[in-house]
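The values are calculated or read from the model by the stated rules, or taken from the named source; none is laboratory data. What you see is a predicted model; the values in this text were computed from it and never measured. Cβ coordinates were reconstructed from backbone atoms using ideal geometry, including for glycine residues, and neighbour counts include every protein chain displayed.
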Amino acid sequence: MQEDASSPAQNHSPYAGRWVACVRGRIVAQGGTPEQAMRASQHSRYKEKPEIIFMPASFLLPPIVQKIMDVLPPDQEIHLVGGAVRDLLLSRLSPDLDFAVPSNGIVLARKVANALNADFVPLDTERDTGRVICTDDAGSRIFLDFAVYRGMGEGRGLEEDLRARDFSINAIAYNLRDDTIFDPLEGGNDLRTKVIRASSPTSLSDDPVRILRAVRLAAALGFKIEKDTRELMKQAVGRLETISPERLRDEVFKILNGPKPDTAIRALEMLGVLPHLMPELTAMKGVQQSEPHMYEVWTHSLAVLDYLDQVLSALRVGYDAEKTNDMFTGLLTLGLGRYREQIANHFTQTLNIDRPMRSLLFFAALYHDVSKPETRTVEESGRIRFFDHEVRGAEVAVDRARAFNLSNDEVDRLRIIIRNHMRFHFFANRLENEKQTPSRKAIYRFFRDVGEAGVDLVLLALADVRATRVHALSMDTWKTYLDVARILLENYWERPEEVVAPPRLLDGNDLMNELGLQPGPDVGRLLESIRENQAAGKIETREQALHFARVELKKGMPGDP
């Protein structure tokens, strides 16, 4: 390994970002640290004293880093560490930045927060860690964490800090003072070979939540988990029950919000994680279903995650529909592509600032059939049925959501999605078999009951039917589903005041005053019946609404005019 070190670093891309040992201008060894490069050179050139230099790498640091450096004293030792460095080496942008300093992490964080007019949180006083939260005009947040070096005793330093981290690819430090990299665990090599390797034999047992993180990183980066690391993960699985539900929840939701969520959940199953994380899911495995289902319940549920990912990808802003060779995707973009902006806006809405709506929808998809095992019945004909699985499944999912400490708004949305996920299939079956499109009143009732979750239910249903019939799905059936989806979304986004939420012509006081009614449930039932008939196009004015109410009172119950 003898290379000329005098030419620019870009001519030596294998060494960019590495420490190299040079003898008479030629590279004879390399390493992640100066010491490693020196030791490597001594194996082959033990009689010669090499020059140890750093081969620079070109990084595009986020602009906020320079603002931070301008705030700190010029002699302040500071390193960018963890996932942010990993992402820099992979030419990716990291949403959060972690900084390691020798001391005064909270003091420095507070100083940066004051200078940037940002929020400050003393994240961990015991470990002297402070967090700065910067929020832009669009509401997006970036977290800047300042932590002192991990390790034991007064002599703790940067290397000990890195060796205490989870995986080698996250144990790389970037010196913001001299633009050098310190990589004692050779995480850079693991990045090049696309491997996730534990930083130490106790890495997983020290913090078992890293099991989930390894799976998430493997899916997000397209990496493989090293064999020995997989064994360490399996050995540490039982300790997951010692982890707080909030930390487990956060990793699960990051997995569901990332690429290949089905593959990641399957990996958790194979590692034996699910019984310690979401035990109610394990009963779905091997539960057979009748046609048109092609898969048993568990495989079907994972397939729904995969197809939901595909549906959302095809309907994202900027997707080039002409590049797809899949007819189903082509028809999807043709039928619903005009709603890309609205769908994107739907997912920018949040029920909790720390968790995206997309994650909650995938969580609902994972749990939508969770109660099929307990509701399974077999008729004399051999047909398998799952009566009320959506009703009971909604409550099972809610129990898990509460165990994960989701917000009340998230719990309510989850319940609505799972409890109502069969309604779209009813619309589609009726259109396919009876040639009847959803009526205006049916559309009104659907959105009255599910609200904004109606968009989630449309997307989930499209993934559900693909995961149900898989290769047996006919184009005619798919077109039927797309027609129902278009009708629902068209009314929701293009005709809301006509069908979905017609303006109130009367209120309860109007009815009581005009008709001499006393407060009670009849008033509410009349008002709702008026609204339904407005949606159906049968009532358009206040006078018609009053006439309708008088007729209904004479009949004894609300109904159609």
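Quick notes on this one:
- Residue within segment 128-148 that is over 25 Å from R249 (Cα atoms) and in a strand (DSSP E or B) present: yes
- Residue check, A344 among the small types (G, A, S) and out of contact with any helix residue (DSSP H, G or I) (no Cβ under 8 Å at 6 or more places or on another chain): yes
- Matching entry among I487, I539, I530 (being β-branched (V, I, T), at pLDDT 90 or above, over 11 Å from Y444 (Cα atoms) and outside any helix (DSSP H, G or I)): I539
- Qualifying residue in segment 258-271 (condition: touching a His at 6+ places or on another chain (Cβ under 6 Å) and surrounded by fewer than 18 Cβ atoms within 10 Å (Cβ to Cβ)): no
- Only one entry in D119, D128, D98 is acidic (D, E), crowded, with 17+ Cβ neighbours inside 10 Å and over 28 Å from A57 (Cα atoms), namely D128.
- Of the residues in segment 229-246, at least one is in a helix (DSSP H, G or I), of a type in the set (V, I, T), on the phi < 0 side of the Ramachandran plot and surrounded by fewer than 19 Cβ atoms within 10 Å (Cβ to Cβ).
- Residues of segment 308-330 satisfying the condition of being surrounded by fewer than 16 Cβ atoms within 10 Å (Cβ to Cβ), farther than 22 Å from A364 by Cα and either in contact (Cβ under 8 Å) with a residue 60 or more places away in the chain or charged (D, E, K, R) (or both): D320, E322, K323, D326, M327
- Residues in segment 280-308 that are of a type in the set (V, I, T) and in a helix (DSSP H, G or I) were compared, and the one that is farthest from L462 (Cα to Cα) is T282.
- Once segment 342-389 is narrowed to residues that are acidic (D, E) and closer than 21 Å to V450 by Cα, the residue that is surrounded by the most Cβ atoms within 10 Å (Cβ to Cβ) is D369.
- Extreme residue, modelled with the lowest pLDDT, among residues of segment 57-75 that are surrounded by 15 or more Cβ atoms within 10 Å (Cβ to Cβ) and in a loop (DSSP other than H, G, I, E, B): F59
- Segment 437-483 - residue that is hydroxyl-bearing (S, T, Y) and not in a helix (DSSP H, G or I) and, of those, nearest to V500 (Cα to Cα): S439
- Close pairs from segment 488-515: first on the phi < 0 side of the Ramachandran plot and touching a residue at least 24 places away in the same chain (Cβ under 8 Å), partner outside any helix (DSSP H, G or I) and exposed (fewer than 14 other Cβ atoms within 10 Å of the Cβ), Cβ under 9 Å, at least 6 apart: E498/G537; V499/G537; L505/E540; L505/T541
- Selection from segment 277-297 of residues that are surrounded by fewer than 17 Cβ atoms within 10 Å (Cβ to Cβ) and charged (D, E, K, R): K285, E291, E296
- Subset of segment 48-89 that is over 30 Å from the mean Cα position of the chain (by Cα) and of a type in the set (A, V, I, L, M) - its residue that is farthest from R110 (Cα to Cα): I52
- Count of segment 449-470 residues which are surrounded by fewer than 22 Cβ atoms within 10 Å (Cβ to Cβ), of a type in the set (D, E) and either touching a residue at least 40 places away in the same chain (Cβ under 8 Å) or in contact with a Cys (Cβ under 6 Å, 6 or more places away or on another chain) (or both): 1
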